[in-house]
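Sharing a structure below in C-alpha cells format, with a few things to ask.
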Amino acid sequence: MRPLLLLASFLLVPAAGAQPLPECHPPARYVAWPEADPVWQLCIQRPKDGGGATGSGLELQQVFFRGRPVLARAQTPDLAVRHLEDPESPLCSGRCFTTWSRQELAFGIDGERSQGWFETARPVVTTCDRARPQSFAGNCPWGEPWACQSGVALEAGADRLQLTSEVGAGWSRYTLRWVLHRDGRIEALVGALSEGRSCARTPHHHEVTWRFDFDLGGLRRDEVSGPDGLPYRTAGRRSRQLDGDAGWQIRDPKSGRGYRLVPGAADLPFPPGELLVTTYGDPAPAGSCAEEGFGDVVGRALAGEDPVLWYRARAFVDSDAPYRCAWLGPTLLPTGHWGQAADQLLFADGFESGDTSAWSARQPAP
C-alpha cells in the first residue's frame with residue numbers, strides 16, 4: 001500500500017459523522033500521509049498559482065495533524081536579496097532586490113507525474129543540492145538519469161512527508177521545502193543561492209519572510225506568547241534579542257494544544273525584530289526591502305482577534321563563497337496533547353525544557 005495519497009483538484013466534502021477534512025479548492029490539491037490512518041491531511045498550492053504582488057511560494061492550506069486543525073495557511077510571501085556596500089560592484093552595491101516566488105524552475109526527479117505533481121520515493125535533486133561555493137552549478141540537468149521537471153515533489157518516508165518545489169527570479173534561485181514529521185514537527189525551509197552573474201559576487205544577505213495563519217482552536221481564540229508563557233496583549237514586533245532563541249508559542253487555551261516557532265540554527269538575527277504579530281484583518285507588512293522593514297504596527301489588542309505570525313530570517317553570503325546555498329527557516333514544534341502516546345510528546349506546555357538541543361531546528365544534510 002502506498003504511503004501517500006494524492007488526489008485531483010476538487011473540493012473534498014467529508015461524509016456524515018466522519019472526521020473533518022481540509023476543504024481543498026482548485027487549484028490546490030489534497031494530500032494525506034500516510035494513506036492508511038493519515039497523520040497529516042492538507043491542501044497544497046503550487047508556487048505558480050500563488051497570490052499577492054510577488055507570490056506566496058509553496059503554500060500549505062487547511063493543515064490537519066491527527067485530525068485536528070493546525071494551520072489555515074502557511075506561505076513565503078517575501079523573498080529578497082540585500083547587497084552590502086561594495087565599491088567594486090556599483091550595479092549592486094547597497095541595493096536590495098525583492099524577488100518573486102511564482103516562477104517555477106525544473107528540478108531532478110524520478111517519480112509518478114500528474115500535471116506538475118510528483119510522487120517519489122527517491123530524493124529530489126534541486127539547485128541547492130548541486131550548489132558549489134565557488135561556481136554556479138547551473139540548472140537541471142546535472143547528469144542524473146532522471147528527468148528535469150517543474151512543479152511540486154511529494155516524497156513520502158517512513159517518518160515524514162517532504163514537499164519540494166524550485167523557483168527563480170533574476171539571478172536568484174530558491175528551493176522551497178516543507179517537512180511534516182510523524183511526531184507533529186513542521187520544518188519550514190528555504191534554500192537560497194545566486195547564479196553566475198556579477199551581483200552574486202557582492203557580499204549579500206538572503207532574506208525570507210514566512211506567514212503563518214494558525215487555526216488551533218477556531219477563529220478568535222488562539223493566544224501568542226513568549227518564553228514566559230504570558231499571552232501578548234497587543235500586536236507588534238518581537239525579537240530574539242529580548243525573547244531569546246527559545247522562540248514563540250501560539251496555543252488554544254481551551255484545549256492546551258499549540259505550536260512553538262523556533263528560529264532555525266542558521267537564521268541570523270533580524271533587527272529590530274524577527275517576529276511580527278498581527279491580526280487577520282491587518283494589511284500585509286512592508287516587504288523586506290522597504291526601509292521600514294516589518295513596519296510599525298499600532299498596538300491593536302489581540303484579545304478576541306485571529307493572530308497571524310510573520311517570521312523573517314536572513315543568511316549572509318560572502319564573496320569567498322558567493323554561490324553557496326544558504327538554508328533558512330524555523331521549525332514548528334507541537335505542544336500539548338495531540339492524540340500521541342505520552343512517550344511521544346515533544347513538550348507538554350511548550351517551554352519546560354531548558355535543553356535547546358532537544359528542539360532546535362535541524363538543517364538539511366549537505
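Carbon and sulfur together cover what percent of the accessible area of the stretch 211-278 at a 1.4 Å probe radius?
50 percent
Now, a different point. May I ask for the equivalent-ellipsoid semi-axes of the stretch 13-140, computed as the square root of five times each C-alpha gyration tensor eigenvalue and listed largest first in whole Å?
Details: eigenvalues 260, 75, 30 Å².
The three semi-axes for the stretch 13-140 are 36, 19, 12 Å.
May I ask for the net charge around residue 110, where only other residues with Cβ less than 13 Å from the Cβ of residue 110 are counted and Lys, Arg are +1 while Asp, Glu are -1?
Residues close to residue 110 contribute a combined charge of -2.
State, in angstrom, two size descriptors of the stretch 158-252 derived from its alpha carbons: Rg to one decimal place and Dmax to the nearest whole number.
17.6, 50
Using all alpha carbons of the stretch 104-223, what is the percent of pairwise distances in each 10 Å bin, ordered from the shortest bin to the longest?
Bins of 10 Å from zero give 12, 37, 32, 15, 4, 0 percent of pairs.
Sticking with this one: Using DSSP to call loops (not H, G, I, E or B), can you name the chymotrypsin sites (Phe, Trp or Tyr not before Pro) in the stretch 81-135 whose Cβ has at most 10 other Cβ atoms within 10 angstrom? Could the numbers behind the result be given before it?
On the way: sites: 97, 100, 107, 117, 118; in loops: 100.
Answer by residue number: there is no such site.
Follow-up. How many angstrom lie between the Cα centre of the stretch 183-247 and the Cα centre of the stretch 256-282?
After rounding, the separation between the Cα centres reads 3 Å.
Report the dimensions of the stretch 244-284 along its three principal axes from the alpha-carbon atoms, largest first, rounded to Å.
Principal extents (Cα only, largest first): 34, 27, 13 Å.
Moving to a separate point now. Please give me, ordered by residue number, the trypsin sites (Lys or Arg not before Pro) of the stretch 179-221 that lie in loop per DSSP and have at most 14 other Cβ atoms within 10 Å. Don't jump to the answer; show the numbers that get you there.
On the way: sites: 182, 185, 197, 201, 211, 220, 221; in loops: 182, 185, 197, 220, 221.
Filter output for the stretch 179-221: 197, 220.
Let me ask something additional. Report the Rg/Rh value for the stretch 214-254, based on alpha-carbon coordinates and the Kirkwood definition of Rh.
Taking Rg over the Kirkwood Rh, I get 0.98.
Moving to a separate point now. Principal axis lengths of the stretch 106-170 from Cα atoms, whole Å, largest first?
Here the Cα extents, ordered largest to smallest, are 35, 26, 24 Å.
Need one value: the accessible area of residue 125 in square angstrom, 1.4 angstrom probe, rounded to the nearest 10.
10 Å²
Per residue of the stretch 176-182, what does 6.51 cos²θ - 1.76 cosθ + 1.60 with θ = phi - 60° give for ³J(HN,Hα)? Whole Hz please, x for Gly and Pro, Karplus curve as stated.
Once rounded to whole Hz, the list reads 9, 9, 10, 10, 9, 8, 4.
Can I ask one more? Apply the a/c threshold of 1.5 to the C-alpha gyration tensor of the stretch 93-133 and tell me whether it is rounded, prolate or oblate.
Here the stretch 93-133 falls in the oblate category.
If you don't mind, there's one more thing I want to ask. For the stretch 232-241, take each phi angle, set θ = phi - 60°, evaluate the Karplus expression 6.51 cos²θ - 1.76 cosθ + 1.60, and give the result in whole Hz per residue in order, putting x for glycine and proline.
Values per residue, Gly and Pro as x: 5, 8, 10, 6, x, 7, 9, 10, 5, 4 Hz.
For the stretch 235-329, max minus min Cα coordinate along each principal axis, in Å, sorted largest first?
Result for the stretch 235-329: principal-axis Cα extents of 51, 30, 21 Å.
Counting residues in the stretch 47-108 as N, plug N into 2.2 N^0.38 Å and put the Cα Rg over that result.
Details: Rg = 16.9 Å, N = 62, 2.2 N^0.38 = 10.6 Å.
Expressed relative to 2.2 N^0.38 Å, the Cα Rg reads 1.60.
What FRET efficiency would be calculated for the residue pair residue 144, residue 284, taking the C-beta separation as r and a Förster radius of 35 Å, to the nearest 0.05?
FRET efficiency, residue 144 to residue 284: 0.35.
The values are calculated or read from the model by the stated rules, or taken from the named source; none is laboratory data. As the structure is a prediction and not an experimental result, all values here were calculated from the model. All Cβ positions, even for glycine, are placed from backbone atoms using ideal geometry, and neighbour counts span all protein chains on display. Only protein heavy atoms, including side chains, enter the accessible area calculation; ligands, DNA and RNA are left aside. Shrake-Rupley method; radii C 1.70, N 1.55, O 1.52, S 1.80 Å.
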